Structure formats: C-alpha cells, structure tokens
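Data first, discussion second: the structure below is written as structure tokens.
Derivation of every value follows stated rules applied to the coordinates shown; laboratory data play no part. As the structure is a prediction and not an experimental result, all values here were calculated from the model. Because the Cβ atoms are built from the backbone with ideal geometry, glycine has one as well, and the counts that use them run over all protein chains shown.
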Amino acid sequence: MTEVVHARGHEHVSARHASTFEITTDDYLTPAGDCILVIDADRAPADFDPDFVEACRNADATITVSIEADGHVDSVTGRGDPDLEFASERSAVGRTSEYVDERTILLEADVAAKGFDRELVAALADGADARVTFTVSLE
C-alpha cells in the first residue's frame, strides 16, 4: 500500500539530525529545524487511508519513505508498530529509536535526516518540489 505527499524544499533544509527526519505541512522552516526535509506538505498522517494506517500498525510491517526532488531520490526504511497513531495533522516523523508520539510514522529507521543523499538535500535546500512516497509491506 502506498500514500503520496507533495511538498517542497526550503533554503533552511540542512538534514543534520542524527535520530529523526520530518515532513511537515508548515510553510516555513527555521535553521533550528535540522530534521525537516520538506515543508508545505499537502497531506499529513491524519489524512492517510485507514487501511494504510492499520497495515503500519503491524509489528511485522516494513515502512519505506522515498523522497524524490529535481532528479534525485533517496529512501529510508523502518518498521511498523501497534502503537503508531498517525494522528498528527501537521507532520510525519521517522525515528531511528522506538519512541512513539502522534507524529511518528515509523520506528528503527535505517537512517535519519543526516543519512540522506547530499545531492537530494542540496536540491531541497534550493527549494525543489518534492514527491514523498510512503509504502508499507507486510513480511
């Protein structure tokens, strides 16, 4: 199952955070937001299809988030969890840890913001339009 979100980069995208990455519906970004990869997302986790959310709540689910912008693409993979809420109307956060809150969309991510391809990050810092694809599969 797949969910697609359209967003854009911003001049303050730095992708330096070591344990999370974030996609936000906010239309601004400060330099402190070093986990945020894209802004102005047209959808948030609360908008995702209930069947997609239910699949993500399976402890055996593999969740992949792929970001494509200006010819560059990179992805991160993590796992689902029964405690995932998908309740945030503002942002989606992937975590390398097992911490869950209303924004969390995957756990034990194989990379955080700082692990994303630097050419993709540069395109996002230039304000490129982005397509973010969330995919869930059950093992």
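Kirkwood hydrodynamic radius, computed over distinct alpha-carbon pairs, for the chain: how many Å, to one decimal?
14.3 Å
Looking at segment 30-101, what % of the alpha carbon pairs are farther apart than 18 Å?
Roughly 44 percent, once rounded to a whole number.
So for F48, F21, fewest C-beta neighbours within 10 Å to most, what's the order?
Final ranking by Cβ density, sparse to dense: F48, F21.
What FRET efficiency do you get for D60 and H6 if R0 is 22 Å and r is their Cβ-Cβ distance, rounded to the nearest 0.05?
0.15
Which value, in debye to the nearest 20, describes the size of the charge dipole of segment 1-101 about its Cα centre when Lys and Arg Cβ atoms bear +1, Asp and Glu Cβ atoms bear -1, and nothing else is charged?
280 debye
For segment 1-58, what does the convex hull of the Cα positions come to per residue, in cubic angstrom?
Dividing the Cα hull volume of segment 1-58 by its residue count gives 90 Å³.
Within segment 1-16, find all residues whose amide N lies under 15 Å from a label point positioned 7 Å from the Cα of D51 along Cα-to-beta-carbon.
1-4
For E119 and D70, compute 0.36 nm times the residue count separating them, minus their Cα-Cα distance, and round to one decimal in nm.
16.7 nm
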